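Taking it in order: structure first as structure tokens, then the write-up.
The values are calculated or read from the model by the stated rules, or taken from the named source; none is laboratory data. Bear in mind the structure is a predicted one, so any value in this text is a computation, not a measurement. Here the Cβ positions follow ideal geometry from the backbone for every residue, glycine too, while neighbour counts run over all protein chains shown. Accessible surface areas use protein heavy atoms only, side chains included; no ligands, DNA or RNA. Shrake-Rupley method; radii C 1.70, N 1.55, O 1.52, S 1.80 Å.
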Amino acid sequence: MTNEGFIDARGMWQGRGRGAFTALGEVRFLGKSNPLYGAGTATNEFRGRGYSIEESSGIPRFNYTHGTINVTDMIAPLPGNNGVQHKVNLSQRGNGLTYRLVTADSIARQENGSFLIDGGRFVIGAISGGTVNIRDSGTSLELAVEESDLSYTVSW
């Protein structure tokens, strides 16, 4: 494993500490906050419920509620450190419940079932669970999964 930088936080600790820091690599935003929407959710009803560590791998599982839905969220590195595996488990399904994976200017479905995001900035692949849809919000596209627990990879 290479030792690559994450952020330079010297600005927070040197001098009077303005709270500034600089990313040392490409910053990747997958989308808006509040990825879960549909029945039983509201944008102001997110509540963090802590985390637990998976004993076999040492990877954290984050727990939260979104409205009346309990969510377990786990992100693990892919072999080769060129992406992540993201798993989301939901306590409820139905009534149009949808999980937004990403918002982007362009989303192109590939023959192998993966999705090329913004012309190749990154790739979302190996999506399992639910019905996958590309929706046009008028200002951007979103890749979303309906009615299911899900697992997918993000690689770059």
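For the reader, a short list of remarks on this structure follows.
- Residues in region 55-71 that are surrounded by 12 or more Cβ atoms within 10 Å (Cβ to Cβ) and either under 18 Å from the mean Cα position of the chain (by Cα) or modelled with pLDDT of 90 or more (or both): Ile59, Pro60, Arg61, Phe62, Asn63, Tyr64, Thr65, His66, Ile69, Asn70, Val71.
- Tallying residues that are under 19 Å from Asn82 (Cα atoms) and either part of a strand (DSSP E or B) or in contact (Cβ under 8 Å) with a residue 40 or more places away in the chain (or both) within region 97-135 yields 12.
- Failed item, numbered, when Gly130 is tested on (1) more than 14 Å from the chain's Cα centre (by Cα); (2) loosely packed, with under 15 Cβ neighbours inside 10 Å; (3) not hydroxyl-bearing (Ser, Thr, Tyr): (2)
- Among the numbered conditions (1) under 17 Å from Pro35 (Cβ atoms); (2) open to solvent by 40 Å² or more (accessible area, probe 1.4 Å); (3) not β-branched (Val, Ile, Thr), the only one that Leu97 does not meet is (2).
- The C-beta contact set for region 136-156 (first residue at pLDDT below 90 and of a type in the set (D, E, K, R), second residue buried (at least 18 other Cβ atoms within 10 Å of the Cβ) and not in a loop (DSSP other than H, G, I, E, B), distance under 7 angstrom, 6+ apart or interchain) comprises Glu146/Thr98; Asp149/Val88; Asp149/Leu90.
- Inside region 72-94, residues that are open to solvent by 30 Å² or more (accessible area, probe 1.4 Å), of a type in the set (A, V, I, L, M, F, W, C) and within 13 Å of the chain's Cα centre (by Cα) make up a count of 2.
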